[in-house]
Amino acid sequence: MQINLKINKKTYSVEVSEDEPLLWVIRDKIKLTGTKYSCGKGLCGACTVLIDNIALRSCITPAISVQNKEITTIEGLSENGTHPVQEAWKEIDVPQCGYCQSGQIMNAVGLLNKNAHPSETEIDKAMQGNICRCGTYPKIKAAVMLASEKGGVK
Amino acid sequence: MKKRYTRRDFIKVSTLVTGGLIAGFHLPGCFDETKRSAAGNTVKNLLNEAVWTDVNVYVKIAQNNLITVIAPYPEIGQGVRTSLPMIIADELDADWNLVVVEQAVTDKEKYGSQFVGGSTALKRSYELLRKTGAAIREMLIKAAAETWKVPVNECKTENSFVIHKKSNKKLTYGELTEKAVKYKPSEEPKLKNPADFSVTGKAKKKVDLNDIVTGKLKFGLDTQIENMVCALVLRPPIFGTKLKTYNADKALAVDGVIDVFKMPEPTNDFDVHRGGLVVVAENSFSAIKGRNEIYVEWTEPENNIKSSAHLTEKFNSNLKKTGTVIKSVGNFKNAYKNSDIQIEATYELPFVAHTNNEPQNTTVVIKENSCEIWTPTQVPNYVRKLASQITGYDINQINVHVTAIGGGFGRRLEADYAAEAIYIAKQIKKPVKLFWTREDDFEFDFFRPAGIHKLKAGIKNGKIIAWDTHHTSTSILTFNNTNEKPWAYEIYPDNYPPILVPNLNMAYSDTDSNIAVASLRAPGHNSTSFADGSFTDEIAHKLGVDPIRLHLDLIGEPKKIPYHSHGGPELDTQRIKDVILAVKEKSDRKKDLPKGYGQGFAFHFTFGGYVAVLTDVYVSEKGKLSVKKITAVADIGRLINPAGAEEQISGGIIDGLNITLNAEITVKDGKIEQQNVDTYPMLRISDAPEIDVHFINTDAPVEGVGEMGLPPVAASVCNAVFDATGKRIRSLPVRKHDLSYS
């Protein structure tokens, strides 16, 4: 079926099947590859995007369920990495291989949208679903706190 | 067990390729758009107007003084795209802010072996890269001296400028390059005094940082080629099985599925793929849906491992035998018999998966006169050779483009997934992206071998006088049909601490298995370190001495001992002593901890690196373990990028903690039981302890850094758990043990 998706403020008309996850539509059909595939079951957070400013796992979200909603991917966060969370990520030099980091950043933005000044425990709880295989967790935590200190996401 | 496939020799020493004009190579560069020149111009703007002159295969310089440095090896998160160019930039005296980094083409003739593994990349390229930078610097000075008609010794370099000391005249490297390339580069240029290093030894951020946080960095799976199709493979469930019969009617009816066909059986000597069926589809999701609809039957395997319990039975039966003696010093039997105290313990380790965050994939386009491959690999030259063998094309017609890579950990030393993609492209004659699902990645991984270490020690007058190790595991080398020394990737005869015991016996028994195994970060060491580090702690407790004291007594007067495997040629016990004493000093070591709190120590020498760790834990009465803090002191010699070194040790520790607490692959009904991270728990952010890393002896020669942090973690955590609860953990992972106490 033909649906319209509003991604990073642009509207795309795409042909999808009913059960097609948003992740594959974004990656294969819209060709935005910053959103990553890793577990495919909503268990690792690599595919996290924002739907109406709430962090969601695109690999288990059917594309047809998010028509008429504002979808934001890592590419839509800022043009050149100037979003406060991206800036914090750069200042702390968080990534190692980098594969999970789009998902980590989008999830952190989702957290700060809801809670501009999370405690360490709240960060743990909110970021628990995002696996980093390289073990950058201490830096992820530091970057979320830095972004929060510098005034959150706005 | 029957033959799997033969293994290539991928370890070759890098060859010097300084000098000469080499035709242009213009791969997409990675740079931080926010970096600026002294005049305030952004690198992005400078790149747009850059006109490049190739100096050699590692360096090109633009008229506007931008410098491109080639990153010769794959980046798997270990930081070599930043650290290796730093080495060249330093000797070149380049302005690091105006350096952009490009990934090298895959070409052994130009770059020597480009593989990354065994923490070797830095060590094996260090001298070559320094000489490369220094030789170009000399050429630039010559060009300036000739321009100014002054002697070369009146000229110096600084931040991509040549300066005439007397007159303070300046020319940029960009202005001098065209002239400089006419000079023959020196084979033995004068290298900097380490005190003058201007780029290395200082913390630098990753060159790909901006591309990562904006989602622009292209990993293998992100490859997009015009008219590309997607492919998945349905593989035989385990080694030793083959396709019996299948029906793809339902799969072919799935929207977007193009074709289903048989993968060629792996029959050639060079074959490393596993056979099965191929599903080709218009996109990834159709391929996944299509594959789910295939009806298939496989042949029954022979002599396979039926279950994890079955494998343990085999291990235990092998441990009743004597095994192949791989090291014998003094007389273990007599010394053991005559000792005052005899201690014996066994330590069991499961199969562990690599779980690269980016599942395996490769994109291939076979053209009339060339074959283009985009792949996340640790062995690009090997993939190139394999592609030549599969396609019949000359090696010079094969272009292997190394993409960004979502984690290596040893898994991408295997090229099975690249081979699949090349075979599929050859068959369908279309650009194809072969990808693996997470489930494929678990089921068809090459696991860290499972095994058991049986250790014995004899103590006389408070000293360890006898040590016996009998190790059995599912040998990596046997799995690869390299049978001469099946123990060589499993156990190291010169390892500390056994090497210091005067009466020593070490034996190995190979346990036959059809479960695929291969190297995982710190191969062999990630297993022996748990056994040796735990056992030493057990001995200390039995003797009632502080475990650190026991280590220092065992070391006694420091000395240098020959070390015959990777990481040699010697083991310096002074360096062991130094990291042990340093970790004691740096950590908050306490004698009387409150109930439930514990501290555990461990040291391990891996591939030339010395790392001692002290772990603080808390265990609740109900048995909930929290690892609070891990303090590490590492001696890995000179640090190229201290920020990178710190994060590699820290990341290795977290990887080690995951292996300690969580990781376990089991076999059930002859198959791998775990399919995804719901049944294979992974360390999460709330489990990550505070990590405090220190480096000492940073004037010593350069070693690698990727693997050294991992090995000591398991023993230190389990020793800390013992300290806290009195419970000794002799098998991993820890999560399977009841740690409750009252």
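Do we find a residue being outside any loop (DSSP other than H, G, I, E, B) and more than 10 Å from chain B (Cβ to nearest Cβ) anywhere in the range A:19-26?
Of all residues in the range A:19-26, those outside any loop (DSSP other than H, G, I, E, B) come to A:21-26.
From the residues that got through so far, the ones that are more than 10 Å from chain B (Cβ to nearest Cβ) too are A:22, A:26.
Taking every residue of the range A:19-26 in turn, at least one turns out to be outside any loop (DSSP other than H, G, I, E, B) and more than 10 Å from chain B (Cβ to nearest Cβ).
Within the range B:37-79, being of a type in the set (D, E, K, R) and touching a strand residue (DSSP E or B) at 6+ places or on another chain (Cβ under 9 Å) holds for B:49, B:54, B:60, B:75. For the range B:657-671, the set of residues classified as within 12 Å of chain A (Cβ to nearest Cβ) and either surrounded by fewer than 22 Cβ atoms within 10 Å (Cβ to Cβ) or out of contact with any Pro (no Cβ under 7 Å at 6 or more places or on another chain) (or both) consists of B:657, B:658, B:659, B:662, listed by residue number. The set of residues in the range B:136-159 being of a type in the set (Val, Ile, Thr), buried (at least 16 other Cβ atoms within 10 Å of the Cβ) and out of contact with any Leu (no Cβ under 8 Å at 6 or more places or on another chain) consists of B:141, B:150. The set of residues from the range B:353-380 being within 10 Å of chain A (Cβ to nearest Cβ) and part of a loop (DSSP other than H, G, I, E, B) comprises B:354, B:355, B:356, B:357, B:358, B:359, B:376. Going by the conditions given, is residue B:162 touching a residue at least 12 places away in the same chain (Cβ under 8 Å), over 30 Å from residue B:388 (Cβ atoms), open to solvent by less than 10 Å² (accessible area, probe 1.4 Å) and not in a loop (DSSP other than H, G, I, E, B)? Against the criterion (touching a residue at least 12 places away in the same chain (Cβ under 8 Å), over 30 Å from residue B:388 (Cβ atoms), open to solvent by less than 10 Å² (accessible area, probe 1.4 Å) and not in a loop (DSSP other than H, G, I, E, B)), residue B:162 qualifies.
Do any strands (runs of 3 or more DSSP E) lying entirely in the range B:55-144 carry at least 2 residues that are aliphatic (A, V, I, L, M) and over 29 Å from residue B:413 (Cα atoms), and which ones are they?
Those strands (runs of 3 or more DSSP E) span B:59-62.
Take residue B:297 and tell me if it is more than 14 Å from chain A (Cβ to nearest Cβ) and open to solvent by 40 Å² or more (accessible area, probe 1.4 Å). It is true that residue B:297 is more than 14 Å from chain A (Cβ to nearest Cβ) and open to solvent by 40 Å² or more (accessible area, probe 1.4 Å).
Look at the range B:190-203: where a residue is farther than 17 Å from residue B:695 by Cα and a partner is in a loop (DSSP other than H, G, I, E, B), sitting 6+ places away or on another chain with Cβ atoms under 7 Å, you get B:198/B:93. Whether any residue in the range B:575-582 is open to solvent by 20 Å² or more (accessible area, probe 1.4 Å), touching a Pro at 6+ places or on another chain (Cβ under 6 Å), closer than 22 Å to residue B:697 by Cβ and in the same structural domain as residue B:498 (by TED's automatic domain parsing) is what I want to check. Yes: one or more hits.
When you check residue B:717 against the structure, is it aliphatic (A, V, I, L, M), under 27 Å from residue B:78 (Cβ atoms) and in a helix (DSSP H, G or I), yes or no? Steps first, please.
Working: aliphatic (A, V, I, L, M): yes; under 27 Å from residue B:78 (Cβ atoms): yes; in a helix (DSSP H, G or I): yes.
So residue B:717 fits the description; yes.
Annotation: of all residues in the range B:672-725 being among the small types (Gly, Ala, Ser) and away from every other protein chain (no Cβ under 14 Å), the one that is surrounded by the most Cβ atoms within 10 Å (Cβ to Cβ) is B:716.
Identify, from the list B:313, B:348, B:344, B:302, the residue that is open to solvent by 10 Å² or more (accessible area, probe 1.4 Å), modelled with pLDDT under 95 and of a type outside the set (Ser, Thr, Tyr).
Exactly one residue qualifies, and that residue is B:302.
Restricted to strands (runs of 3 or more DSSP E) entirely inside the range B:205-284, those with at least 3 residues that are open to solvent by 30 Å² or more (accessible area, probe 1.4 Å) and either more than 27 Å from residue A:36 (Cβ to Cβ) or within 11 Å of another protein chain (Cβ to nearest Cβ) (or both) are B:243-247.
Applying the condition of being farther than 24 Å from residue B:677 by Cβ and either within 12 Å of chain B (Cβ to nearest Cβ) or polar (S, T, N, Q) (or both) to the range A:129-154 and asking which residue is surrounded by the fewest Cβ atoms within 10 Å (Cβ to Cβ) yields A:142. Taking the range B:720-742 as the range and being among the acidic types (Asp, Glu) and either within 30 Å of residue B:201 (Cα to Cα) or not in a helix (DSSP H, G or I) (or both) as the test, only B:738 passes.
The values are calculated or read from the model by the stated rules, or taken from the named source; none is laboratory data. Not measured: the values here are computed from a predicted model. Neighbour counts run over all protein chains shown; Cβ positions are idealised from the backbone, glycine included. For the accessible areas, the whole protein counts, side chains as well, though only heavy atoms, and no ligand, DNA or RNA atoms are used. Shrake-Rupley method; radii C 1.70, N 1.55, O 1.52, S 1.80 Å.
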